[in-house]
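Here, each number is a calculation from the coordinates, and none is a lab measurement. Computed from a predicted model, the values in this text were never measured in an experiment. Positions of Cβ are backbone-derived with ideal geometry, glycine not excepted, and every protein chain shown enters the neighbour counts.
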C-alpha cells in the first residue's frame, strides 16, 4: 500500500479545505495517508526531510509547487533525491497542472496519485537560487501578473479569481511598451537588445496566467525549457499576438521566436527589469540567468512528461 504525506498550506481558505477533504478521502481509499500543514519554506523542508519514505502530495497551485521545489533544494534533494510527488490542484490558475494533464476535479486528481506512473519533471534554477516550477516571464506577462493580483484577491472571494488574470492581461496588453533586453540562449545571442521586446518567457510547463498557452509544445521532463520571445510591440502586432496565443498559433508569427534551451541569460540594456516566477514577483535585476535542472522530481501523471 502507498504511504502518502499530504502537504497543505496552513493559510488555505475554507473552499480549498473542502476540496482537500474530498481529495484526502479518495486517497485514503487506497493509501495510508498523513496530512501535514506547513506555514513556510522551513516547514516544507522539515516535512520533506522527515517524510520517512512517504510519497509527497502537494495540495495547491503553481505557487505551492514553487515552494515545494525551493524546499527540496534546501534539503539537498533537487535532482538527486528525486522524491515521488502527487499534485492536487487547488490554486487559482493551476497552469502547471493543466500542462501535464492533471484533472481539476479533486477526486480525479487523487486517483491519478493512486493509479498513474511517476514521470520525470524538470525545474529552472536562476543565479540567485530562485526556483521555477512552471514558468518565468518578463515584459507584458510580468506586468499582467502584477496587475492581476488585486483582482484575483477581490474576485477570489466570490469564486471568480481566475478572471483576475484576464483583467491583468487586458490592462498590460494595452499599456506595455516593451523592453530593450539582450537574450542569450545556450551561448547564442537571440536578441541583441536594439529592438524592444514585448515578452520573454522561459517555461517548463505550457501555460501561464490561468491557461494562456505560451509554450504549447513544452514537455515538463525533456531536460529543456521552452524560450518564447515576442517583438510584437506596436498595437496591431500586439493584438495579432494576443489572438495567436488564444489560438495556440502565435509561434508561427514572424515577430515571435521559440527555442528549446538549457540555459537562458537576460540582460537589461541600461535598466533593470522585473520578472514573474510562478505567479510571484522577483526583485528587479540588471541580469538573470536560468538553467534547467533535469529530472528534479517524479510526478504522478497520466501524460508523458518527456
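Numbers at a glance
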item	result
Isotropically averaged projected area of region 1-48, using the convex hull of Cα atoms (one quarter of hull area), nm²	3.3 nm²
Residues of region 30-52 with amide N under 16 Å of a point placed 7 Å along Cα→Cβ from residue 17	35-39
Mean Cβ neighbour count within 10 Å, used as a protection proxy, ranking 206-219, 267-280 highest first	206-219, 267-280
Spin-label model distance (nm) - residue 49 vs residue 280, 7 Å beyond Cα toward Cβ	1.9 nm
Cα centroid of region 247-274 to Cα centroid of region 42-119, whole Å	28 Å
Relative contact order [Cα under 8 Å, 6+ residues apart], region 8-129, whole percent	29 percent
Length-normalised contact order for region 190-291 - Cα pairs under 8 Å, 6+ apart - percent	22 percent
Simple label model, 7 Å out from Cα along Cβ direction - residue 80 to residue 177, nm	4.8 nm
Spatial extent of the chain: Rg and Dmax, with the Cα atoms as the point set, Å	18.9, 59
Computed over the chain: relative contact order in percent, which uses C-alpha pairs under 8 Å that are six or more apart	22 percent
Over the chain: helical MRE at 222 nm, DSSP H runs n ≥ 4 each giving -39500 (n - 2.57), nearest 500	-9500 deg cm²/dmol
Per-pair calculated FRET efficiency, R0 = 30 Å: residue 116 and residue 189 via Cβ, rounded to 0.05	0.15
Cα shape, region 168-306, gyration tensor, a/c 1.5 rule	oblate
Packing-based order for 238-248, 86-96, using average beta carbon neighbours within 10 Å, highest first	86-96, 238-248
Estimated inter-spin distance, residue 303 and residue 29, nm [label 7 Å along Cα→Cβ]	2.4 nm
